[in-house]
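The values are calculated or read from the model by the stated rules, or taken from the named source; none is laboratory data. Since we're looking at a predicted model, the values are computed, not measured. Positions of Cβ are generated from backbone atoms using ideal geometry, with glycine treated the same way; all protein chains shown enter the neighbour counts.
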Amino acid sequence: MTESILNRTAARERVETHRCLRVLFVDDEKPLQELMRTELPRLGHEVTICPDGKTALKMLEKSTFDAAILDLRMPGMTGIEVLEHLKKVSPDTEAVVLTGHATMETAIEAVRLGALDYMTKPCKLAQIEAVLCKVAEKRELKHKNLALQTRVQAAEGPTVLVGKSPAMQAVHRLIDTVAPTDSTVLILGETGTGKELAARTLMQKSKRADMPFVPVNCGALAEHLVESELFGHRKGAFTGADRDHKGLFEVANGGTLFLDEVGELNKNIQVKLLRFLESGEIRRVGDTEPFRTDVRVLCATNRDLRAMIREDQFREDLYFRINTFEIRLPPLRERRQDIPELARHLLARAARRPVEQVADLLTPEVIDVLLEHEWQGNVRELANVMEHAYILAGGGKILPEHVPHSVLSSEFRVLSPGTPNSELRTPNSAKTLREVEMEHVLRVLDKHGGSKAKAAEELGISLKTMYNKLNQLQEERKAAG
């Protein structure tokens, strides 16, 4: 089985488009073993050589493989028997049967048991390389399907960060700079600022855009299952492990793993994450041998990791590993000029309609209300408010009365039904014309149960004027101390 220089060059070029495979090669012929031990790594793959079926079974108990090339006729155990066991313990491993005694019956039996392909001896290295390319293509197709599923799930909301404020322009520039690389990124920001959306934007602008994006909320993982969920486990590794389980690092192979709330990981898992970032290797719970996986890691947290390091709650070496590149997302109150555009996008999500079709539903009065709020819950809170308002408005124009009372600024919240007018007066004992006017406005407002739209209609003023008057009252109260 000799290869020409041209064939070797072509093989290396093909490897660039197919990711490294973990290959189990089982054959009792020593010359063939040596050839695979030398040539498969040159093709970019990791190979484990087994001289017989029993050795292969032991290896399958220790490690997992992307592909297994099995000789059908070996002393002690046939390739068909190894194939049957393989499909029980590692159904995701693609099997290729190799034999010098080809018959239609054995080919049919191998395919029935789940073999991907069938080759006869003597075969050329180019044939084996082509079959492994087929395995890689099938694996990448699975990953692309997973990526499509995650994109569909994300389709309910904006797929990119919205905002043209100076603070967000700086964020966009940072994302554009680091996205094409494979560097780890630490995304910082308060709860609800859009850290996962920033991670998705990084992925969509990266060379891994067509591969899986796997988000993980580290704080939501059960403490005793964190290691298994992230790195997987072997059957029998612990009580209840009745089958092999792929960890999220394997699920994300070729793509991006987003570790949200990374500060919630315990010190034991921090060590394993650090090992992966340094070596690219993971090890399933119950496995004795590690294996490589190709994953870009993005992390996020709303916690102060430096303070956690000082308190010995977070490893300093891990901090520097995940913080190769840092992106800070500003809270919504620090980019108020983005609120109108964000509100329209979030309203479109609630209505399941294009932004252009809902832009006119937001009245100027509502925009004023949104601009006044402090948004402690950031973009997530705004999303909830838009959904609430859209439902109350019945799909029509959204007025301030459709906005939750908790979001209305303090000058509006004190004007709920039943609020004593005395609480809203200035401390001066003599009533001015302004005070008389405002007392009348407040009485009408109480009469209509706090509905500013109905009160404005009775008073013969616009809703905007009503809000202006209430704003003026609040300013006067503040000035009065």
### Task
Sort through 227, 190, 250, 223 and tell me the only one that's under 17 Å from the mean Cα position of the chain (by Cα) and either of a type in the set (D, E, K, R) or in the same structural domain as residue 92 (by TED's automatic domain parsing) (or both).
250
### Message
Filter segment 177-191 down to the residues that are out of contact with any Phe, Trp or Tyr (no Cβ under 7 Å at 6 or more places or on another chain) and in a helix (DSSP H, G or I) and list them by number.
### Response
177
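Conditions (1) more than 30 Å from residue 388 (Cα to Cα); (2) assigned to a helix (DSSP H, G or I); (3) in the same structural domain as residue 380 (by TED's automatic domain parsing), marked per residue:
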| position | (1), (2), (3) |
| --- | --- |
| 278 | yes, yes, no |
| 289 | yes, no, no |
| 294 | yes, no, no |
| 298 | yes, no, no |
| 313 | yes, no, no |
| 320 | yes, yes, no |
| 347 | no, yes, yes |
## Note on the structure
With criteria (1) modelled with pLDDT under 80; (2) over 22 Å from residue 251 (Cβ atoms); (3) surrounded by fewer than 17 Cβ atoms within 10 Å (Cβ to Cβ); (4) not charged (D, E, K, R), residue 118 comes up short on (3)
### Task
With the checklist (1) free of Cβ contacts under 8 Å to residues at least 12 places away in the same chain; (2) in contact with a Lys or Arg (Cβ under 9 Å, 6 or more places away or on another chain); (3) surrounded by fewer than 16 Cβ atoms within 10 Å (Cβ to Cβ) in hand, flag the one item residue 374 doesn't pass.
(1)
### Query
Residues in segment 278-291 that are exposed (fewer than 15 other Cβ atoms within 10 Å of the Cβ) and more than 21 Å from residue 209 (Cα to Cα): how many?
5
### Query
Would a scan of segment 64-79 turn up a residue that is surrounded by fewer than 18 Cβ atoms within 10 Å (Cβ to Cβ), touching a His at 6+ places or on another chain (Cβ under 8 Å) and not assigned by TED's automatic domain parsing to the domain that holds residue 291?
yes
#### Entry: Residue list for segment 35-79, filter: among the aliphatic types (A, V, I, L, M) and either touching a Gly at 6+ places or on another chain (Cβ under 7 Å) or at pLDDT below 85 (or both)
60, 70, 72, 74, 77
#### Entry: Condition met for residue 90 (surrounded by 17 or more Cβ atoms within 10 Å (Cβ to Cβ), small (Gly, Ala, Ser) and either more than 16 Å from residue 116 (Cα to Cα) or free of Cβ contacts under 8 Å to residues at least 60 places away in the same chain (or both))
no
### Task
Please work out if residue 329 is within 30 Å of residue 383 (Cα to Cα), among the hydrophobic types (A, V, I, L, M, F, W, C) and surrounded by 19 or more Cβ atoms within 10 Å (Cβ to Cβ).
yes
